[in-house]
Each structure stands twice: as structure tokens, then as C-alpha cells.
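*Asks:* I have a structure I would like to understand better, so I am pasting it below and will then ask my questions one at a time.
The values are calculated or read from the model by the stated rules, or taken from the named source; none is laboratory data. Since we're looking at a predicted model, the values are computed, not measured. All Cβ positions, glycine included, derive from the backbone under ideal geometry; neighbour counts span all protein chains shown. All accessible areas refer to the heavy atoms of the entire protein, side chains included, with ligands and DNA or RNA removed. Shrake-Rupley method; radii C 1.70, N 1.55, O 1.52, S 1.80 Å.
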Amino acid sequence: MSHDARTTATPALRIIPREQHVISRKNISKAALRVLYRLNEAGYQAYLVGGAVRDLLLGGHPKDFDVATNATPDEVKKLFRNSRLIGRRFRLAHVVYGPEIIEVATFRGTGEEEGDGDRHIVDGRIVRDNVWGSIEEDAIRRDFRVNALYYDISDFSVRDYVGGMQDVENRVLHLIGDPATRYREDPVRMLRAVRLAAKLNFRIDAAAAAPFDELGPLLADAAPARLFDESLKLFLAGHGLKSFHMLEQTGLLKYMFPATARALKRGDEALRALVEQGLANTDARVAEGKSVTPAFLFAVLLWGEVRDLAHTWITKGVEPNAAWERAATHVVAEQCQRVAIPRRFTLTMEEIWALQPRFEQVQRKRVFRLMAHPRFRAAFDFLLLRAAESPSIRELGQWWEHAQQLPHETLAAALAGSSAAPGGSAEPALPKPRKRRRRKPASKAGKSDPA
Ligand code: ATP
Ligand code: MG
């Protein structure tokens, strides 16, 4: 007889006392601690749960802290003046301390028993309206064992109902319950498996990875807005290159980025190099604490398809500008059926792509016009990535790099009389960039700087 974790009434509990784990209150945010203590003092159970516990056990510094409690949302609301209830189907409380928000969720039942809430399919997920449960039920409705650990504020122990602690030690991701069932309930869990494995440097247990081939297509029913959020966590959180490789290896990339998967499948090694470099640069920026923009990265991921489509149409006689525009529109429209990239980002992506052919036009007027374009910087960074495509594009990148370092007049003089044809084969030779001359302060027009 086999019972899976979901049907087992009370999973075995292991309590890991304070002396036997590394979680210290020093690494828990003040706001989270206040919420935990206040709930506890009011007589409720209060636990830190989910990613924060997992990351603390691994020595990481979690950004957000989630709290689980047996207090209902209304009770939480009464206890914290600085709280608001959110969520339509499943209500949660957000307790707000300045910029920090602590999410407080009431233990949720698995809802396997009849008559305790209606099942709904929302965005391809099976959900129920508010069904409160016990902590055991709350544990087994979570996705991975490592995500179902509870840090108990009353005695600083960790409660483990599903074997999560051992998985943390073995650096492995097991789903709770039957993998195929859990993916059918929520296909995005497949992407979460890949994302967490990439982020934590864990392996995905064989049983958890086995259904990917068969159930990957269910991702087509996932809400595109949710997949957008997931894609940011996959690619813009510092482990993008690893996520990308794992998505490819697991065969899941094609459900999120069909055009990217298609273009790479054509065996375009230059494109692969471009995508990998783009992801590596993004990871490096995240590591340095610099800002990263989704638009640039999505432009990188989809470039191969846009370029190939544009070239196909140009060969068929479509006017180049129109061909590029049509290719961009087409690829964006297809992509947004899967991953809902907000308009403000797709606009930037389209601009970055549209500016690429303009780098090949190095006549004087056009050069200055392009440099003044608000997207010049992003488009130029993109051109540098494209160095992988051909030696002539690498040279073009170097030309523009150099051109930007020249003083305006020097560049203007070098470009004067140049009649380089579009196609970029004959960029005018540029003089060596000089050190910028120091301007005499305010000597020009009568601009008077207040002293
Ligand atoms: P991250 O480090 O990216 O924040 P996380 O595990 O905290 O990882 P969240 O999306 O913040 O991910 O979710 C918090 C917790 O909620 C998870 O640890 C898990 O216990 C539970 N959870 C999240 N998504 C699901 C899901 N799709 N199915 C079941 N449980 C989930
Ligand atoms: Mg989290």
C-alpha cells in the first residue's frame, strides 16, 4: 500500500532545536521579528516559512520574509494597524513597515476533503477559496520539501514535516507528493524547480524532473503575466545563464520562449554566444549591484528570430525598414502570448532592434542623429554583444566605441565628406581619440554660473 505525502493525514514531524541549526535572529529582518513576536504574544502560532527559512539555512540573506500563522486574516488585521488584506481568492495580510512588507498567511488546508471550498481553475491552476488548515496541511500543499520548513519564534526551533532539512543538506529538490499530480495542479512548479535549482545550485531529484517532457506542454495554459514574473526571477536575479542552460537541458525553454528555442535549434552558434554573453553580462551586473533592464535581456533572447525573419522578408523584396518593423511586431506578438512582457518593455526592445541596421550608416548626419537617440546606449551595448555574429560587426562595434570617445568637432571633421554606403563596408577612418580638452570655465557665451 502506498500513501503519498498528500493523503497521509499527519506527516512525521521532526523538530530541529536551536543548537542544531544555523538560523540566527540577527539575519531575520526587524519587521519580520516584530510580526512574529506580536502574533505569538497574542496567543497565536507564528512561523517564518518558505524561501526565507530555506535561504537562511543555506547561509543566504533573504530579501523577503513570509510568515505563517493560525490567526485568520481578520485577526491579523486587528492585531496590526499597519496591515491590509489582499488577494481575492485567498486572503493574506500584508504588514507594512516603511519600505518592508511582511506577508502573513493563515495556514492553508490542502482541500482534499469534500465540502470545504469550491475548486476553481484559475490560470491553469486548481485553486480553492479560503480554506484554513493545520500547519501539517499547510506544509504539504507547498511545492518542494525545502520550501516547507517552519522557523518557530516561540523556541527558535525549525519544524520539518516533510524531510526538507535533509534535502537542504543534500542540496536536492524533491516535490512534496506525486510529481505529476503536483505539476498538473500548477505547471509553473516545473519552472520553479529549474529556477530554484539554478539559484541554489541544487539538483532536481530524478522523480521531480521525469514528468517535464510529458507535462511541459501544460505551461501553455499558465497565465502569461505569471510567466513574466517567473521569467524575471529566472533571468534577472543573478543566475540567468544557469537558468537558461537548465531550461534548455530540461526542454522547458520552448514553452516560455518558443522563438528563442527555435532559433537556437537551427544551430546558430553565433546566436548562442550572443545570448550567453548577454546573460553573463546581466549576471555580472546583478552581482555588482547595478541595475538591469528586462527590455535589454528580452531583446537579446528574441534577437535571432527577429533578425532571421527580417532578412527573409528583405530577400523577398520587402523594403528593409518595413521588414525590420514587421519582424519585431511579429516576434513580440508571438512572445506575449506566452510571457506577457509589458508594453513599456516591448517598446524599448523594438527600438533596440530597429536601431541595429542604423549602426551601419556612418554618414555624418546619421551618426550624430543616432548618438542623440534616447536608446543609443542600449542599442550600442546590444551591437557590442552582436560582435559574435561576424568580424565586420565586431569592427563596427569598435568603430562606434571609438567614435563616441572623440570630441564632437574631431568626429565631425573625420566624417566630413565621407560617403560610406549603407552596408557599413567603408567606415571612414577615425583619428585616435584625444584626451578631452579642459574647457575654460564659462568662457563661451555669457552663461553665468552663480558662484
Ligand atoms: P524566492 O527565493 O524566489 O523568493 P520562494 O521559495 O520564497 O523563492 P516564493 O514565490 O516567494 O518562492 O514563494 C514562497 C513560498 O510559497 C515557497 O517557498 C513555497 O513554500 C510556497 N509556494 C510558492 N509557489 C508555490 C507553488 N506554485 N506551489 C506550492 N507552493 C508554492
Ligand atoms: Mg520568496
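So that you can scan it fast, the table gives a plain yes or no per residue for (1) of a type in the set (Ser, Thr, Tyr); (2) closer than 19 Å to Ala222 by Cα:
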position	(1), (2)
His245	no, no
Gln249	no, no
Tyr255	yes, yes
Ala259	no, yes
Lys265	no, no
Asn281	no, no
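*Asks:* On to the next question. Counting only residues that are at pLDDT 95 or above, under 30 Å from Ala180 (Cα atoms) and within 16 Å of ligand 1 (Cβ to nearest atom), give me the strands (runs of 3 or more DSSP E) lying completely in segment 1-101 with at least 3 of them.
*Replies:* Ranges flagged: 46-49, 66-69.
*Asks:* Inside segment 386-415, can you point out the residues that are part of a loop (DSSP other than H, G, I, E, B) and within 12 Å of Leu430 (Cβ to Cβ)?
*Replies:* Leu406, Pro407
*Asks:* Is it the case that Val292 is modelled with pLDDT of 95 or more, farther than 17 Å from Leu271 by Cα and either assigned to a helix (DSSP H, G or I) or not polar (S, T, N, Q) (or both)?
*Replies:* It is false that Val292 is modelled with pLDDT of 95 or more, farther than 17 Å from Leu271 by Cα and either assigned to a helix (DSSP H, G or I) or not polar (S, T, N, Q) (or both).
*Asks:* Out of curiosity, is Leu234 part of a helix (DSSP H, G or I) and more than 26 Å from Phe296 (Cβ to Cβ)? Walk me through how you get there before you give the answer.
*Replies:* Details: part of a helix (DSSP H, G or I): yes; more than 26 Å from Phe296 (Cβ to Cβ): no.
It is false that Leu234 is part of a helix (DSSP H, G or I) and more than 26 Å from Phe296 (Cβ to Cβ).
*Asks:* When you check Ala270 against the structure, is it aliphatic (A, V, I, L, M) and either touching a residue at least 24 places away in the same chain (Cβ under 8 Å) or assigned to a loop (DSSP other than H, G, I, E, B) (or both), yes or no?
*Replies:* yes
*Asks:* Also: Quick one: in segment 56-72, of everything that is without any contact (Cβ under 8 Å) to a residue 40 or more places away in the chain and buried (at least 17 other Cβ atoms within 10 Å of the Cβ), which residue is farthest from ligand 2 (Cβ to nearest atom)?
*Replies:* Among those that are without any contact (Cβ under 8 Å) to a residue 40 or more places away in the chain and buried (at least 17 other Cβ atoms within 10 Å of the Cβ), it is Ala71.
*Asks:* Going by the conditions given, is Leu219 out of contact with any strand residue (DSSP E or B) (no Cβ under 7 Å at 6 or more places or on another chain), open to solvent by less than 10 Å² (accessible area, probe 1.4 Å) and not small (Gly, Ala, Ser)?
*Replies:* Here the answer is yes, as Leu219 does meet what is asked.
*Asks:* Hey, another quick one. Of the residues His245, His239, which is open to solvent by 30 Å² or more (accessible area, probe 1.4 Å) and under 17 Å from Arg195 (Cβ atoms)? Before you say what the answer is, go through the steps one by one.
*Replies:* Values: His239 fails: open to solvent by 30 Å² or more (accessible area, probe 1.4 Å).
One residue alone meets the criteria, His245.
*Asks:* Right, something else. Output the residues belonging to segment 362-387 that are open to solvent by less than 40 Å² (accessible area, probe 1.4 Å) and touching a residue at least 60 places away in the same chain (Cβ under 8 Å).
*Replies:* Correct list: Val362, Ala378, Phe382, Leu385, Arg386.
*Asks:* Tell me, which residue of segment 248-263 that is over 14 Å from the mean Cα position of the chain (by Cα) and assigned to a loop (DSSP other than H, G, I, E, B) is surrounded by the most Cβ atoms within 10 Å (Cβ to Cβ)?
*Replies:* Leu252
*Asks:* Restricting attention to segment 174-183, does a residue exist that is within 16 Å of ligand 2 (Cβ to nearest atom) and crowded, with 23+ Cβ neighbours inside 10 Å?
*Replies:* Taking every residue of segment 174-183 in turn, none turns out to be within 16 Å of ligand 2 (Cβ to nearest atom) and crowded, with 23+ Cβ neighbours inside 10 Å.
*Asks:* Confirm whether Pro433 is at pLDDT below 85 and in contact with an Asp or Glu (Cβ under 8 Å, 6 or more places away or on another chain).
*Replies:* For Pro433, the condition - at pLDDT below 85 and in contact with an Asp or Glu (Cβ under 8 Å, 6 or more places away or on another chain) - is not met.
*Asks:* Please go through segment 162-173 and pick out each residue that is of a type outside the set (A, V, I, L, M) and open to solvent by less than 10 Å² (accessible area, probe 1.4 Å). Spell out the reasoning first.
*Replies:* Restricting attention to segment 162-173, the residues satisfying the condition of being of a type outside the set (A, V, I, L, M) are 163-164, 166-167, 169-171.
If the condition is that a residue be of a type outside the set (A, V, I, L, M) and open to solvent by less than 10 Å² (accessible area, probe 1.4 Å), then Gly164, Asp167 are the ones that fit.
*Asks:* Out of all the residues in segment 36-55, which are buried (at least 23 other Cβ atoms within 10 Å of the Cβ), more than 12 Å from ligand 2 (Cβ to nearest atom) and either under 18 Å from Ile16 (Cα atoms) or not assigned by TED's automatic domain parsing to the domain that holds Ile23 (or both)?
*Replies:* Scanning segment 36-55 gives Ala46, Tyr47.
*Asks:* Step by step: first the residues of segment 167-189, then only those that are assigned to a helix (DSSP H, G or I) and closer than 13 Å to Arg141 by Cβ, then the one that is farthest from ligand 1 (Cβ to nearest atom). Which residue is that?
*Replies:* Thr181
*Asks:* Somewhere in segment 94-104, is a residue closer than 22 Å to Gly164 by Cβ, within 16 Å of ligand 2 (Cβ to nearest atom), exposed (fewer than 14 other Cβ atoms within 10 Å of the Cβ) and without any contact (Cβ under 8 Å) to a residue 40 or more places away in the chain?
*Replies:* No, every residue in segment 94-104 fails to be closer than 22 Å to Gly164 by Cβ, within 16 Å of ligand 2 (Cβ to nearest atom), exposed (fewer than 14 other Cβ atoms within 10 Å of the Cβ) and without any contact (Cβ under 8 Å) to a residue 40 or more places away in the chain.
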